[in-house]
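Taking it in order: structure first as structure tokens, then the write-up.
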Amino acid sequence: MVPIGVLASGRGSNLDALLDAIDNRYLTKCEIRIVISNRPNAPALDIARKHHVQTITMDDKGVPKKNWDYDQKTIAALKSHGVLPKEGLIVLAGYMRILSEQFVDLYPRRIINVHPALLPSFPGLEAQKQALDHGVKVTGCTVHLVDREVDHGPIILQTAVAIRDDDTVETLSSRILREEHRILPEAIRLFTEDQLRFEGRRVLFKS
Ligand code: GRF
């Protein structure tokens, strides 16, 4: 069993999709040991509790967006719930902080993020708005491993979503989100069933 720690800041719909995938036995080789939020009122915490998953709130009010001191407390919480550097997996599910280099280096290739655009296009905040404003006809979502740069690490899965003329940020975001809820569990299944292999930046599937 791969012990998973989820870091979340908001709504928690991707966390919900993961918990459903575990409940439905789509994911059988992992368990979510802890959900940690930097925001005390994050709905993600309620979703975790509803599924009887332990939660920790680590309010980051006043703390810089990227901060090793703060991250060390997160790491201590992860470790105390069995999410250890060599065996665990950390999932960033709408986590609105930037991990420090030290944090990333401690869990090489063991941190996964989901981003609502086809990286390397539109990294950072408001990716759906960036795509609409730019006028691209196709955007989508990406599940990738986290490295030292934001929204940059090796890509595990991507799905394209066509942009319609009458799309708003809301309509586009909701179609992308449906795909996130599909490819995040799929990527975690591949990871936890040891189906991935790495060639430099390329993530390949064992056959
Ligand atoms: C998702 O769009 C995800 O791609 C981005 O933040 C959002 C989180 O949504 N990183 P939720 O909290 O999982 O509902």
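The values are calculated or read from the model by the stated rules, or taken from the named source; none is laboratory data. What you are looking at is a predicted structure, and each value in this text was computed from that prediction instead of being measured. Neighbour counts are summed over all protein chains in view; Cβ atoms, including those assigned to glycine, are modelled from backbone coordinates with ideal geometry. Accessible surface areas use protein heavy atoms only, side chains included; no ligands, DNA or RNA. Shrake-Rupley method; radii C 1.70, N 1.55, O 1.52, S 1.80 Å.
Tabulated results
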quantity	calculated
Failed condition for Pro85, given (1) of a type outside the set (D, E, K, R); (2) within 16 Å of the ligand (Cβ to nearest atom); (3) surrounded by fewer than 19 Cβ atoms within 10 Å (Cβ to Cβ)	(2)
Residues of segment 100-114 satisfying the condition of being within 13 Å of the ligand (Cβ to nearest atom) and either part of a loop (DSSP other than H, G, I, E, B) or open to solvent by 10 Å² or more (accessible area, probe 1.4 Å) (or both)	Asn113, Val114
Which numbered condition Arg11 misses (of (1) touching a Ser or Thr at 6+ places or on another chain (Cβ under 6 Å); (2) over 22 Å from Thr192 (Cα atoms); (3) touching a residue at least 40 places away in the same chain (Cβ under 8 Å))	(1)
Selection count where residues are open to solvent by 70 Å² or more (accessible area, probe 1.4 Å) and modelled with pLDDT of 95 or more, scope segment 193-207	7
In segment 22-35, the residues that are surrounded by 14 or more Cβ atoms within 10 Å (Cβ to Cβ) and over 13 Å from Thr192 (Cα atoms)	Arg33, Ile34, Val35
Single condition Ala117 does not satisfy, out of (1) within 14 Å of the ligand (Cβ to nearest atom); (2) outside any loop (DSSP other than H, G, I, E, B)	(2)
For Val136: the one exception among (1) β-branched (Val, Ile, Thr); (2) closer than 23 Å to Arg175 by Cα; (3) more than 16 Å from the ligand (Cβ to nearest atom); (4) buried (at least 21 other Cβ atoms within 10 Å of the Cβ)	(4)
In segment 164-192, the residues that are part of a loop (DSSP other than H, G, I, E, B) and open to solvent by less than 30 Å² (accessible area, probe 1.4 Å)	Asp167
Given (1) within 16 Å of the chain's Cα centre (by Cα); (2) under 12 Å from Gly5 (Cα atoms), number of the condition Gln54 does not satisfy	(1)
Test: Leu78 is surrounded by 15 or more Cβ atoms within 10 Å (Cβ to Cβ) and either modelled with pLDDT under 95 or closer than 14 Å to Pro3 by Cα (or both)	yes
Residues satisfying the stated conditions in segment 57-83, i.e. acidic (Asp, Glu) and under 17 Å from the mean Cα position of the chain (by Cα)	Asp71
Failed condition for His51, given (1) within 16 Å of the ligand (Cβ to nearest atom); (2) within 18 Å of Ala187 (Cβ to Cβ)	(2)
